[in-house]
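Below you'll find the structure, written out as structure tokens, and then a few comments.
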Amino acid sequence: MKTGFIGLGHMGSAMAANLIKAGHEVIVFNRSAQKRRELVQLGAKEASCIADACEAQTVITMLADDSAVSAVTFARSGILESLPRDAIHISMSTISVALARKLTQAHTEVGQRVVSAPVFGRPDMAAAAKLFIVTAGDPATLAACKPLFDAIGQKTLSIGTEPAAANLVKLSGNFLSASLIEALGETLALVGKAGLDQQTVVDILTSTIFPVPAYKTYGGLIASRKFEPAAFASPLGFKDIRLTLAAAEALGVPMPLGSLLHDRFLRLLAQEGGDRLDWAALGALAGQDARLEPNSQAVPSSIHP
């Protein structure tokens, strides 16, 4: 299938590469020409502008935030002006529910189609074509996109016909992940202050009552304090919590944990260099609060106060 791909960050580059490897004809566009050329070497066609990337049956956007998606979609010679009638915009970015609805209305008005298909997974999963894809949109349109989804993910799950539904599920998942990181951080601060080895505790918990990849991944990162280079930068995590709270406010749903996470991210980003860290660094804040020395375990005489 011929498809344009706009947005070649850590995730987008890996996803586009897998589309190429699967035999799809991919036209790539990114503000950084170097990132485009790396994929050209794999067999992609380089687009010099957004309009060139829209000379296809489908165009995929995998961008950082609402502002970036709006810019490439609504700008002069952007996706909305350049995509052929009946062609499909596959929005795979983590964006607000409000923007997803705006995209749906705008594309429908000009005879184009749109689906939301945000993904769960970090860059290593993207590189291995093991992403989980949550989709929403017209069933026939989703069926047309299936060969693309199969090339980049291990499983595709549909949540309904309204594209914005998939974006709400994605935000909900990221809210849960951030909550998990905070809870892990507090747990590891507790056992670390007692003199226990944090990685050992992570191994015990993830091999017994929490045999979940996310616990193992984030627990390991917090225990080892490996937050650079960032696979998912903390400003993006903060953005997702803000979008979750905006959706909750629109629906009249109190989210006390969301408000807590909002403030914890603010604290992380207020620290020098906090914006460069992986969002797993949120889990290190509890250790700081407990005055747990970095790169060491406290060794009290007893685990009890």
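The values are calculated or read from the model by the stated rules, or taken from the named source; none is laboratory data. Please read these numbers as outputs of a predicted model, since none were measured by experiment. Counting neighbours? That spans all protein chains shown, and the Cβs are built from the backbone with ideal geometry, glycine included.
Condition test on Thr73, is it of a type in the set (Val, Ile, Thr) and touching a Lys or Arg at 6+ places or on another chain (Cβ under 8 Å)? For Thr73, the condition - of a type in the set (Val, Ile, Thr) and touching a Lys or Arg at 6+ places or on another chain (Cβ under 8 Å) - is not met.
Scanning the range 29-56 for residues that are part of a strand (DSSP E or B) and within 17 Å of Ala87 (Cβ to Cβ) yields Phe29, Lys45. Taking the range 73-161 and the helices (runs of 4 or more DSSP H) fully enclosed by it, the elements with 3 or more residues that are more than 23 Å from the chain's Cα centre (by Cα) are at 79-82, 97-109, 139-152.
One residue stands out in the range 162-202 among those that are of a type in the set (Asp, Glu) and not in a helix (DSSP H, G or I): the one that is surrounded by the fewest Cβ atoms within 10 Å (Cβ to Cβ), namely Asp197. Take Gln154 and decide whether it is polar (S, T, N, Q), under 20 Å from Ala14 (Cβ atoms) and without any contact (Cβ under 8 Å) to a residue 60 or more places away in the chain. Yes: the conditions hold for Gln154.
Looking at Leu99, is it within 22 Å of Ala246 (Cα to Cα) and either in the same structural domain as Met11 (by TED's automatic domain parsing) or surrounded by 17 or more Cβ atoms within 10 Å (Cβ to Cβ) (or both)? So Leu99 passes the test.
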